[in-house]
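See structure below.
The values are calculated or read from the model by the stated rules, or taken from the named source; none is laboratory data. Small disclaimer: the values here were computed from a predicted structure and weren't measured. Positions of Cβ are generated from backbone atoms using ideal geometry, with glycine treated the same way; all protein chains shown enter the neighbour counts.
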């Protein structure tokens, strides 16, 4: 990046022009903390303000321990507005997430949320292809559960460790996806939402490869009219996001990417999580926390 910073300016992208949402501070109580293989764990928190206002693609900034002052950003996987709960999926990789994994039920942790701009799911005539990798799967599930018509969404999830969800053979037939790729996320199947899984770890019933290739196989098997109705949503590791962005450009499909970045304040004050964008011929620094985390792939020149 150049030594002279690009200017900051209000976002003009259609997916990010909604009014900046309100951020709440809550003492979130841990109602459940369930561990899964691969150092994964799912938290259920009582955080009624975040549960009431969160939209797919947003995250919370959670303090993991009284001994660690800096919070960690975690994507929201599911909300229950009536019960005031949010579900988070995380993987223990550093001091913060290890401390969070070990927190007992009943612990109250300071939380800021919901934060950021989420996915644009406003077009009722589009079909949404949700592509998630690893701990990037949660916002894909939230997006799928947020759409009113389950027939207009497909979730493709990739992982190199066992999936932290109950799996079941899918009842949906999908173009370009066949053979032994039969397993799906059971909770989505029960809601009539189609899904498929990908892994290089030789997990039974999963596509043997990376999830962007599974998405490409499906899209290329559609007729041109059906393919043109698709919108790509993705969250996951950077190589996966680059592959999805390339796929969207190749097939000329609108693509929204949720970026993962290290954060300090999480609310836009420190500008420590900037990403370079190109909009209307000019380049800018955007803060992933509040200008994102969801961006139109078309404005990200480095992806």
Practice prompt. Collect the residues in segment 143-189 that are in contact (Cβ under 8 Å) with a residue 24 or more places away in the chain, farther than 20 Å from residue 90 by Cα and touching a strand residue (DSSP E or B) at 6+ places or on another chain (Cβ under 7 Å), keeping them in residue-number order.
Written response: 147, 152, 153, 154, 169, 170, 174, 177, 181
Worksheet, complete the sentence: Selection from segment 251-264 of residues buried (at least 17 other Cβ atoms within 10 Å of the Cβ), under 23 Å from residue 90 (Cβ atoms) and free of Cβ contacts under 8 Å to residues at least 60 places away in the same chain yields 257, 259
Item to complete: Return yes or no: is residue 112 touching a residue at least 12 places away in the same chain (Cβ under 8 Å), assigned to a strand (DSSP E or B), touching a strand residue (DSSP E or B) at 6+ places or on another chain (Cβ under 8 Å) and within 22 Å of residue 69 (Cα to Cα)?
Response: yes
Worksheet item: Quick check: anything in segment 284-292 touching a helix residue (DSSP H, G or I) at 6+ places or on another chain (Cβ under 7 Å), under 21 Å from residue 71 (Cβ atoms) and either assigned to a strand (DSSP E or B) or touching a residue at least 24 places away in the same chain (Cβ under 8 Å) (or both)?
Response: yes
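Here is a yes/no grid of residues against (1) assigned by TED's automatic domain parsing to the domain that holds residue 241; (2) crowded, with 22+ Cβ neighbours inside 10 Å; (3) in contact with a strand residue (DSSP E or B) (Cβ under 6 Å, 6 or more places away or on another chain):
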position: 269; (1), (2), (3): no, no, no
position: 280; (1), (2), (3): no, no, no
position: 291; (1), (2), (3): no, yes, no
position: 301; (1), (2), (3): no, no, yes
Worksheet item: Which ones in segment 223-237 are part of a loop (DSSP other than H, G, I, E, B) and touching a helix residue (DSSP H, G or I) at 6+ places or on another chain (Cβ under 9 Å)?
Response: 229, 236, 237
